[in-house]
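Undergrad: Have a look at this one before I ask anything.
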Amino acid sequence: MAESDTVPSGIDVSVPNVARIYDYLLGGKDNFAADRESAALALRAVPQMRSLALENRRFLNRAVRFCTEAGVRQFIDVGAGLPTQDNVHQVAQRADPDARVVYADNDAVVVSHGRALLAEDRQTAVIRGDLLAPEELLDNPELRALIDLDQPVVLLLVALLHFIPVESGPDACVARLRDAVAPGSYLVVSHSEVAPEHAVGTTPLSEETRLLGQAYNRPMGPVRSRAEIAEFFGDWEVLEPGVTEVWNWRPETESFVSPSSIVSMVGAVGRKR
Ligand SMILES: C[S@@+](CC[C@H](N)C(=O)[O-])C[C@H]1O[C@@H](n2cnc3c(N)ncnc32)[C@H](O)[C@@H]1O
């Protein structure tokens with residue numbers, strides 16, 4: 001986005017923003033100088049950051065296709081990010097033009113861009129919603145107009161939970177969403193995985209960890225083990241191959257990522273019994 005473009009009111013573009021850094025890494029245009037500077041720092045720390053972002057999107061798309069093949073036609077994408085190529089509704093509506101998708105994000109820029117892009121599509125809504133306020137999210141009238149919670153739903157929490165500290169209580173919020181949906185629903189999660197020697201709290205702090213903290217203007221998110229990530233699925237069945245590198249989740253093509261990365265991206269899909 002050129003600096004002269006209209007900026008939604010109340011948005012401080014001098015502060016880097018997670019959604020816009022990610023947009024830049026994916027080759028998008030909805031970002032500002034501060035976001036690109038942060039992305040440059042992140043790329044210095046983790047040169048594979050761009051391919052991790054791309055592999056995360058590819059996982060998201062495979063998981064959405066998997067769920068459409070299983071017959072589910074309703075999607076709630078929390079922490080949806082800025083519109084990019086092959087967004088959830090495009091992938092899902094390829095399987096069935098009547099598929100319904102609600103994108104939720106707690107970032108005003110994401111919501112205003114999403115609305116502008118999707119204004120024509122009556123099966124898709126973009127709402128301001130916070131994972132940490134699940135009741136409000138579930139009660140949102142736009143969500144309720146599109147999603148029938150008595151029928152199976154795909155919940156997407158993709159590249160979101162690693163931004164949410166343990167003390168904010170994401171576990172209980174994810175549990176609330178799991179409880180709200182019908183049997184036969186799916187949960188799709190991806191999460192960063194940090195090599196132990198680069199975890200926050202390690203002394204001395206590695207240069208990469210310091211740079212990443214600076215890039216995102218906060219310490220690197222909570223370091224969760226694969227077992228802890230699996231706990232987000234509660235008593236749901238975590239489908240094969242379990243929590244694994246996103247590029248190893250039911251892959252269809254070669255991965256872009258070299259395995260030496262200090263940060264990896266893992267994901268899984270689970271089904272409510
Ligand atoms: C890295 S982007 C991921 C975008 C997309 N899910 C993907 O994987 O391609 C993370 C998104 O989560 C959003 N986010 C962060 N905390 C959130 C919260 N508590 N509730 C809803 N969205 C949140 C950010 O605004 C950002 O758009």
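Undergrad: If R₀ is 35 angstrom, what is the calculated FRET efficiency for the pair V200 and D139, using the beta carbon separation as r and rounding to 0.05?
TA: On the way: r = 35 Å, r/R0 = 1.00.
Computed FRET efficiency for V200 and D139: 0.50.
Undergrad: I want to verify a result. In a Gaussian network model of the chain, Cα cutoff 10 Å, which of these has the top mean-square fluctuation: A40, A182, A116?
TA: A116
Undergrad: Once each part is reduced to its C-alpha centroid, what is the distance from region 17-82 to region 125-156 in angstrom?
TA: About 21 Å separates the Cα centre of region 17-82 from the one of region 125-156.
Undergrad: Can you tell me the accessible area per residue over region 1-116, all protein chains present, probe 1.4 angstrom, in square angstrom?
TA: Values: 4710 Å² over 116 residues.
Dividing the accessible area of region 1-116 by its residue count gives 41 Å².
Undergrad: May I pose another question? Name the shape class, rounded, prolate or oblate, that the alpha-carbon gyration tensor gives for region 27-167, where a ≥ b ≥ c are the square roots of its eigenvalues, rounded holds for a/c under 1.5, and otherwise prolate holds if a/b is larger than b/c and oblate otherwise.
TA: Values: a/c = 1.71, a/b = 1.49, b/c = 1.15.
Verdict is prolate for region 27-167.
Undergrad: Multiplying the sequence separation of R36 and A180 by 0.36 nm and subtracting their Cα-Cα distance, what value in nm do you get?
TA: Working: separation 144, 0.36 × 144 = 51.84 nm, distance 3.82 nm.
Gain on extension, R36 to A180, equals 48.0 nm.
Undergrad: Using a Gaussian network model of the chain whose springs link C-alpha atoms within less than 10 Å, name the residue from R57, R115, R73 with the highest mean-square fluctuation.
TA: Ranking R57, R115, R73 by mean-square fluctuation puts R115 first.
Undergrad: Of the heavy-atom accessible surface of the chain (probe 1.4 angstrom), what whole percent is carbon and sulfur?
TA: For the chain, the apolar C and S fraction of the accessible surface comes to 51 percent.
Undergrad: Kindly provide the helix-only [θ] at 222 nm of the chain, computed as the sum of -39,500 (n - 2.57) over DSSP H runs of four or more divided by all residues, to the nearest 500 deg cm²/dmol? Mind dumping the intermediate values first?
TA: Values: 10 runs with 98 residues, N = 273.
It comes out at -10500 deg cm²/dmol, rounded to the nearest 500.
Undergrad: Could you list the residues of region 81-115 with an amide nitrogen less than 19 Å from a label point located 7 Å from the Cα of Q151 in the Cα-to-C-beta direction?
TA: Counting only backbone N, you get 88-103.
Undergrad: Once the other residues with Cβ under 15 Å from the Cβ of E207 are scored (Lys, Arg +1; Asp, Glu -1), what is the net sum? Spell out each step's value before the answer.
TA: Details: positive: R44, R210; negative: E197, E208.
That works out to 0.
Undergrad: Here's another thing I want to ask about it. Which of rounded, prolate, oblate describes the chain, given a ≥ b ≥ c as roots of the alpha-carbon gyration tensor eigenvalues and a/c under 1.5 marking rounded, otherwise prolate only if a/b is larger than b/c? Each step should come with its number before you reach the end.
TA: Details: a/c = 1.57, a/b = 1.19, b/c = 1.31.
Cα axes put the chain in the oblate bin.
Undergrad: Ignoring ligands and nucleic acids, what accessible area does S112 show with a 1.4 Å probe (Å², nearest 10)?
TA: Taking all protein chains as shown, S112 has close to 50 Å².
Undergrad: In percent, what relative contact order does the chain have, based on Cα pairs under 8 Å that are 6 or more apart in sequence?
TA: Values: 484 pairs, mean separation 55.0, N = 273.
Averaging sequence separation for qualifying contacts and normalising by length gives 20 percent for the chain.
The values are calculated or read from the model by the stated rules, or taken from the named source; none is laboratory data. What you are looking at is a predicted structure, and each value in this text was computed from that prediction instead of being measured. So basically every Cβ, Gly included, is an ideal-geometry build from the backbone, and we count neighbours across all protein chains shown. Note: accessible area is taken over every heavy atom of the protein model, side chains too, but ligands, DNA and RNA are not part of it. Shrake-Rupley method; radii C 1.70, N 1.55, O 1.52, S 1.80 Å.
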